[in-house]
Amino acid sequence: MKYTTFLLYVALVFTCISCKQEKTTVVNPRCEMLVNPEGIGTRTPHLSWEIQSSESGVLQTGYCILVASSKEKLNKNEGDLWDSGMISSRQSVYIPYSGSELQSRTECYWKVNVVTNKGDNIWSEPSRWSVALLDSTDWSATWIGMDRFFDGEILDTLYTRLTARYLRKEFSLEKPVKKAVLYISGMGLYEPWINGARIGTQVLAPTPTDYMKRVCYNVFDVTDALVEGDNAIGVVLGNGRFFSMRKGTASP
């Protein structure tokens with residue numbers, strides 16, 4: 001009987017210790033309300049996070065944000081892009097980045113240190129975001145496509161008909177790629193493929209706009225999609241809203 005009581009006491013002690021270690025955490029770090037986004041189109045993105053706790057009445061009383069240009073610097077707590085210092089605040093949503101001016105294609109790694117009214121002092125897991133092409137001069141690409149019609153396609157009638165265009169380009173890599181990013185747009189809809197695998201999970205990309213004023217694009221990290229040696233990139237280009245399948249009016 002004494003032996004059984006001792007085992008139960010030990011089990012309760014270990015349970016309490018485990019609860020104490022995991023009672024409060026910082027979760028869901030986001031940039032512009034996205035998780036580790038590629039290609040943020042602003043120099044002042046907004047950062048957010050949440051705290052979770054098994055204890056009631058836990059409130060954030062302050063935070064410190066570190067943003068670094070590399071994983072290594074962030075792991076050393078070196079915020080070479082931004083070190084906010086400890087700020088007394090309960091705010092944890094949509095906090096504007098206030099560090100060094102960000103340039104196109106900048107890689108940013110960040111985490112936040114949160115203190116609470118219960119004496120907690122905890123770090124979030126490292127997160128990241130990358131900056132898009134912020135200036136028109138960053139674009140060296142040109143529009144491509146097929147500007148002739150196929151047999152059976154119809155234009156300038158009540159019911160137009162236009163088939164999708166399939167574009168493909170082969171290329172070779174002589175050595176492994178450290179980083180590869182795809183910046184892509186298609187009017188009106190597109191699907192990109194690299195080495196037979198579809199890139200991204202988006203549907204009806206890019207976002208519809210007034211094409212005479214603005215055309216949106218998407219950004220993908222395609223490093224893992226490439227291989228040393230022969231590669232091929234393909235795009236399926238559909239008409240979408242850029243080329244309506246119902247144009248003109250019926251004759252009286």
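So Gln202 passes all but one of these: (1) of a type outside the set (A, V, I, L, M, F, W, C); (2) open to solvent by 50 Å² or more (accessible area, probe 1.4 Å); (3) out of contact with any Ser or Thr (no Cβ under 8 Å at 6 or more places or on another chain); (4) in a loop (DSSP other than H, G, I, E, B). Which condition number does it fail?
If we test Gln202 against (1) of a type outside the set (A, V, I, L, M, F, W, C); (2) open to solvent by 50 Å² or more (accessible area, probe 1.4 Å); (3) out of contact with any Ser or Thr (no Cβ under 8 Å at 6 or more places or on another chain); (4) in a loop (DSSP other than H, G, I, E, B), just (2) comes out false.
Name every residue in segment 95-138 that is under 25 Å from Val58 (Cβ atoms), among the acidic types (Asp, Glu) and surrounded by fewer than 17 Cβ atoms within 10 Å (Cβ to Cβ), in order of residue number.
Matches in segment 95-138: Glu125 only.
Since Ser172 meets every condition but one in (1) touching a Gly at 6+ places or on another chain (Cβ under 9 Å); (2) open to solvent by 60 Å² or more (accessible area, probe 1.4 Å); (3) in contact (Cβ under 8 Å) with a residue 60 or more places away in the chain, which condition does it not meet?
It is condition (3) that Ser172 fails.
Which one is least open to solvent (accessible area, probe 1.4 Å), of the residues in segment 205-230 that are touching a Leu at 6+ places or on another chain (Cβ under 6 Å) and not aliphatic (A, V, I, L, M)?
Phe220
Return a yes/no flag: does segment 25-46 have any residue that is modelled with pLDDT of 95 or more, touching a helix residue (DSSP H, G or I) at 6+ places or on another chain (Cβ under 9 Å) and at negative phi.
no
Does Gly152 satisfy being closer than 30 Å to Met86 by Cα, modelled with pLDDT under 95 and surrounded by fewer than 13 Cβ atoms within 10 Å (Cβ to Cβ)?
no
I'm trying to understand the selection: among the residues of segment 183-199, which are assigned to a loop (DSSP other than H, G, I, E, B), within 19 Å of the chain's Cα centre (by Cα) and surrounded by fewer than 16 Cβ atoms within 10 Å (Cβ to Cβ)?
Correct list: Ser185 only.
Output the qualifying pairs, or none if there are none: Cβ atoms under 7 angstrom, residues six or more apart or on different chains, first residue in segment 27-48 and touching a residue at least 24 places away in the same chain (Cβ under 8 Å) and open to solvent by 40 Å² or more (accessible area, probe 1.4 Å), second residue charged (D, E, K, R) and not in a loop (DSSP other than H, G, I, E, B).
Taking only residues 6 or more apart or on different chains, the pairs are Asn36/Arg128; Glu38/Asp221.
Restricting the first residue to segment 179-195 and requiring it to be more than 10 Å from Gly240 (Cα to Cα), which pairs with a second residue that is part of a loop (DSSP other than H, G, I, E, B) and of a type in the set (Asp, Glu) meet a Cβ separation below 9 Å and a spacing of at least six or different chains?
Val181/Glu38
The values are calculated or read from the model by the stated rules, or taken from the named source; none is laboratory data. Given the structure is predicted, the values throughout are model-derived calculations rather than measurements. Ideal geometry is used to build each Cβ from the backbone, glycine not excepted, and the neighbour counts take in all protein chains shown. Keep in mind that these areas ignore ligands, DNA and RNA; they rest on the heavy atoms of the full protein, side chains included. Shrake-Rupley method; radii C 1.70, N 1.55, O 1.52, S 1.80 Å.
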